[in-house]
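Participant: Next up is a structure, given as structure tokens.
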Amino acid sequence: MNGVLSMIEIRGLHKSFGRNEVLRGVDLDVAAGSVVAVLGPSGSGKSTLLRCINLLEHPQSGTIKMGELQLDYGKVRRKQVMELRKKTAMVFQGFNLFAHRTALGNVAEGLVVVKKMGRKEAFETARTYLEKVGLGDRMDYYPSQLSGGQQQRVAIARALAMKPEVILFDEPTSALDPELVQEVLGVMKKIAKTGITMVVVTHEMSFARDVATDVIFMDQGTIIERAPAETFFRNPQKARTRQFLQLITPENYVI
Amino acid sequence: MQGNGLLDINYMMQLIPRVAAGIPVSLSIALVAFVVGIMLGFATALVKIYKVPVLLQIAQVYVSFMRGTPLLVQIFLSYYGIPMVLRYLSGIYGWSIDISSIQAITFMYVSFSLNVGAYLSETIRSAILSVGKGQVEAAESLGMTAPQVMLRIVIPQAAVVAIPNLGNSFIALLKDTSLAFAASVPEIIGQAKIAAARSSKFFEAYIVAAAMYWLICIIFEQLMIFGEKRLRRHERGVVND
């Protein structure tokens with residue numbers, strides 16, 4: 001990692017669902033403060049990789065190191081799961097807001113329950129984070145009263161408020177109407193500038209190119225190629241990567 | 001005696017206080033069984049959802065038995081069976097409980113609770129599963145423990161879903177308590193039967209009993225409608241744009 005402070009170090013990650021081996025020995029390094037975009041066709045294992053980082057999926061083997069916390073995926077203890085989750089936060093494709101809580105309640109929930117913050121302080125903190133994502137006027141709305149883009153911005157505020165060391169984004173714009181994608185990407189760009197470490201599974205090539213520091217390309221459960229974002233798009237090394245980029249990059253659309 | 005009409009209205013009026021003496025008994029069976037049943041049903045639902053080994057098999061047999069045998073038979077089994085088992089056990093371990101002092105209504109609490117628990121386990125299980133897996137994962141990703149996720153995220157939403165079904169179950173339970181007379185527990189039907197046995201006016205007595213069940217059920221239905229409205233009002237908390 002060339003002397004850069006490492007935030008996440010994964011070695012030899014294997015994950016199967018039944019007989020289906022989804023991740024076949026993945027090594028992943030994420031430097032502190034970097035924004036890593038994970039690209040790949042569907043079924044390549046990129047979402048599963050992300051969900052193994054905060055142990056929403058339990059891999060069969062491998063190790064992960066995050067700060068001082070080091071654990072062996074094969075023998076995880078509950079306490080370690082909790083520690084790992086407190087260092088990370090996640091933004092989901094389907095937003096996954098708590099339906100019975102307002103926008104404010106959603107952001108405050110983790111502060112009250114996990115961080116043991118007093119209610120008043122938690123709601124004040126929640127307010128500042130909702131303002132950061134541009135939802136100062138939607139604090140008391142329930143998720144069902146918000147658009148997809150607004151819901152996802154609440155979800156981002158909920159993640160940010162926990163002050164995690166790493167934020168994991170799992171296809172955060174894939175479930176949005178096209179005209180709502182930009183408001184979410186805009187917020188993500190803003191966050192990226194604050195220097196927090198981000199791992200983003202995405203299909204948004206423009207985000208990967210413009211915001212990510214590094215790009216990882218995955219296929220069939222392994223990392224095919226990894227490069228600084230600029231190099232990755234300008235000069236992809238592997239044939240499989242070039243094939244993928246040709247299919248997905250708008251400039252190459254042939255009518 | 002009957003003389004001038006189909007029904008002896010005067011006699012029915014006299015019966016009202018006597019039959020009404022059974023109301024507290026019926027209500028106490030229904031309320032105890034409902035509260036214990038919800039707890040049992042919740043525990044059973046969790047065992048089924050998390051597929052806890054051994055307990056899952058026990059839960060399956062329990063629910064299957066309670067749904068596959070008549071409630072009346074269950075009442076007899078606990079009324080005759082529990083004292084026998086207790087007597088047998090106290091013989092072995094030298095306990096000094098006076099089994100004959102246990103009131104019949106205690107066995108009703110047991111059998112009705114077990115029965116209701118089995119039925120409610122499915123209601124509660126489906127209510128819990130109606131809360132999206134995504135919300136559970138979101139709560140977990142924030143660092144909440146499993147009990148925190150259950151208490152803060154799942155139960156408040158599952159409760160709203162379960163309430164109409166719980167209400168139906170309660171009404172059904174309330175009427176099922178009429179079977180307790182078979183174990184000589186003096187609930188509403190028991191009282192009506194005793195009175196009618198003396199006067200031979202069974203029709204009148206059962207009409208009075210029916211009216212009482214109906215009235216109680218109407219009262220609980222109204223209470224439930226009110227309660228559900230309150231819960232949903234809180235949930236929507238409509239904010240106008």
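The values are calculated or read from the model by the stated rules, or taken from the named source; none is laboratory data. All figures in this text were calculated on a predicted structure; none of them were measured in a lab. A quick note on method: Cβ atoms are made from the backbone with ideal geometry, for glycine too, and the neighbour counts reach across all protein chains shown. Surface areas here come from the heavy atoms of the whole protein model, side chains and all, with no ligands, DNA or RNA. Shrake-Rupley method; radii C 1.70, N 1.55, O 1.52, S 1.80 Å.
Participant: Would you confirm whether any residue within region A:133-147 is out of contact with any Lys or Arg (no Cβ under 8 Å at 6 or more places or on another chain), more than 13 Å from every other protein chain (Cβ to nearest Cβ), part of a helix (DSSP H, G or I) and surrounded by fewer than 21 Cβ atoms within 10 Å (Cβ to Cβ)?
Facilitator: Checking region A:133-147: not a single residue is out of contact with any Lys or Arg (no Cβ under 8 Å at 6 or more places or on another chain), more than 13 Å from every other protein chain (Cβ to nearest Cβ), part of a helix (DSSP H, G or I) and surrounded by fewer than 21 Cβ atoms within 10 Å (Cβ to Cβ).
Listed here are the residues, each with its yes/no results for (1) surrounded by 12 or more Cβ atoms within 10 Å (Cβ to Cβ); (2) in contact (Cβ under 8 Å) with a residue 12 or more places away in the chain.
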residue	(1), (2)
B:44	yes, yes
B:64	no, no
B:68	no, no
B:77	yes, yes
B:83	yes, yes
B:90	yes, no
B:93	no, no
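Participant: Please state which one of A:175, A:122 is at pLDDT 95 or above and of a type in the set (Gly, Ala, Ser).
Facilitator: When all the criteria are applied, what remains is A:122.
Participant: It is to be established whether one or more residues within region B:171-194 are polar (S, T, N, Q) and assigned to a loop (DSSP other than H, G, I, E, B).
Facilitator: yes
Participant: Test each condition in (1) buried (at least 24 other Cβ atoms within 10 Å of the Cβ); (2) more than 30 Å from residue A:245 (Cα to Cα); (3) away from chain B (no Cβ under 14 Å) for residue A:73 and report the one that comes out false.
Facilitator: Every condition holds for residue A:73 apart from (1).
Participant: Just a yes or no: is a residue in region A:155-173 of a type in the set (A, V, I, L, M, F, W, C) and over 19 Å from residue A:54 (Cβ atoms)?
Facilitator: Among the residues of region A:155-173, not one is of a type in the set (A, V, I, L, M, F, W, C) and over 19 Å from residue A:54 (Cβ atoms), which makes the answer no.
Participant: If you scan region A:12-22, which residues turn out to be open to solvent by 60 Å² or more (accessible area, probe 1.4 Å) and at pLDDT 95 or above?
Facilitator: A:14
Participant: What number goes with the only condition from (1) under 30 Å from residue A:100 (Cβ atoms); (2) touching a Pro at 6+ places or on another chain (Cβ under 6 Å) that residue B:123 does not pass?
Facilitator: It is condition (2) that residue B:123 fails.
Participant: Looking at (1) under 26 Å from residue B:66 (Cα atoms); (2) in a helix (DSSP H, G or I), which is the only condition residue B:226 fails?
Facilitator: The failed condition is (1).
Participant: Among all residue pairs at least 6 apart or on different chains, which show Cβ distances below 7 Å where the first residue, located in region B:182-210, is without any contact (Cβ under 8 Å) to a residue 12 or more places away in the chain and the second is open to solvent by less than 60 Å² (accessible area, probe 1.4 Å) and assigned to a helix (DSSP H, G or I)?
Facilitator: If the second residue must be open to solvent by less than 60 Å² (accessible area, probe 1.4 Å) and assigned to a helix (DSSP H, G or I), the pairs left are B:196/B:205; B:202/B:196.
Participant: Could I ask something else about it? State which residue pairs qualify: first residue farther than 21 Å from residue A:164 by Cα and inside region B:143-156, second residue open to solvent by 10 Å² or more (accessible area, probe 1.4 Å) and among the aromatic types (Phe, Trp, Tyr) in any location, beta carbons under 9 Å apart, and separation of 6 or more residues or different chains.
Facilitator: Filtered contacts from region B:143-156: B:155/B:42.
Participant: Return the residues of region B:48-58 that are in a helix (DSSP H, G or I) and either farther than 13 Å from residue B:121 by Cβ or in contact with a Phe, Trp or Tyr (Cβ under 9 Å, 6 or more places away or on another chain) (or both); say none if nothing qualifies.
Facilitator: Hits for region B:48-58 are B:56, B:57.
Participant: I need the full set of residues from region B:157-169 which are out of contact with any Phe, Trp or Tyr (no Cβ under 9 Å at 6 or more places or on another chain) and farther than 15 Å from residue B:49 by Cβ, in order please.
Facilitator: The answer is B:159, B:160, B:163, B:164, B:165, B:168.
Participant: Exactly one of these conditions fails for residue B:40: (1) farther than 30 Å from residue B:150 by Cα; (2) within 14 Å of the chain's Cα centre (by Cα); (3) open to solvent by 30 Å² or more (accessible area, probe 1.4 Å); (4) not aromatic (Phe, Trp, Tyr). Give me its number.
Facilitator: If we test residue B:40 against (1) farther than 30 Å from residue B:150 by Cα; (2) within 14 Å of the chain's Cα centre (by Cα); (3) open to solvent by 30 Å² or more (accessible area, probe 1.4 Å); (4) not aromatic (Phe, Trp, Tyr), just (1) comes out false.
Participant: Among the residues of region B:196-241, count how many are away from chain A (no Cβ under 14 Å), surrounded by 11 or more Cβ atoms within 10 Å (Cβ to Cβ) and at pLDDT below 85.
Facilitator: The number of residues fulfilling the criteria is 2.
Participant: Looking only at region A:76-102, which residues are open to solvent by 20 Å² or more (accessible area, probe 1.4 Å), among the β-branched types (Val, Ile, Thr) and within 12 Å of another protein chain (Cβ to nearest Cβ)?
Facilitator: Listed by number, the list holds a single entry, A:102.
Participant: Let me ask another. Going by what's in this entry, would residue B:156 be described as touching a helix residue (DSSP H, G or I) at 6+ places or on another chain (Cβ under 7 Å) and not small (Gly, Ala, Ser)?
Facilitator: no
For (1) over 18 Å from residue A:75 (Cα atoms); (2) surrounded by 21 or more Cβ atoms within 10 Å (Cβ to Cβ); (3) of a type in the set (Gly, Ala, Ser); (4) more than 14 Å from chain B (Cβ to nearest Cβ), each residue gets a yes or a no:
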{"site": "A:24", "(1), (2), (3), (4)": "yes, no, no, yes"}
{"site": "A:32", "(1), (2), (3), (4)": "yes, no, yes, yes"}
{"site": "A:37", "(1), (2), (3), (4)": "yes, yes, yes, yes"}
{"site": "A:58", "(1), (2), (3), (4)": "no, no, no, no"}
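Every residue, every condition in (1) open to solvent by less than 20 Å² (accessible area, probe 1.4 Å); (2) more than 7 Å from every other protein chain (Cβ to nearest Cβ), yes or no:
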| position | (1), (2) |
| --- | --- |
| B:116 | yes, yes |
| B:130 | no, yes |
| B:133 | no, yes |
| B:148 | no, no |
| B:152 | no, no |
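Participant: Something else now. State yes or no: is residue A:51 within 14 Å of chain B (Cβ to nearest Cβ), modelled with pLDDT under 95 and out of contact with any Phe, Trp or Tyr (no Cβ under 9 Å at 6 or more places or on another chain)?
Facilitator: When the stated conditions are applied, residue A:51 does not pass them.
Participant: For residue B:142, state whether it is surrounded by 15 or more Cβ atoms within 10 Å (Cβ to Cβ) and within 14 Å of another protein chain (Cβ to nearest Cβ).
Facilitator: Yes.
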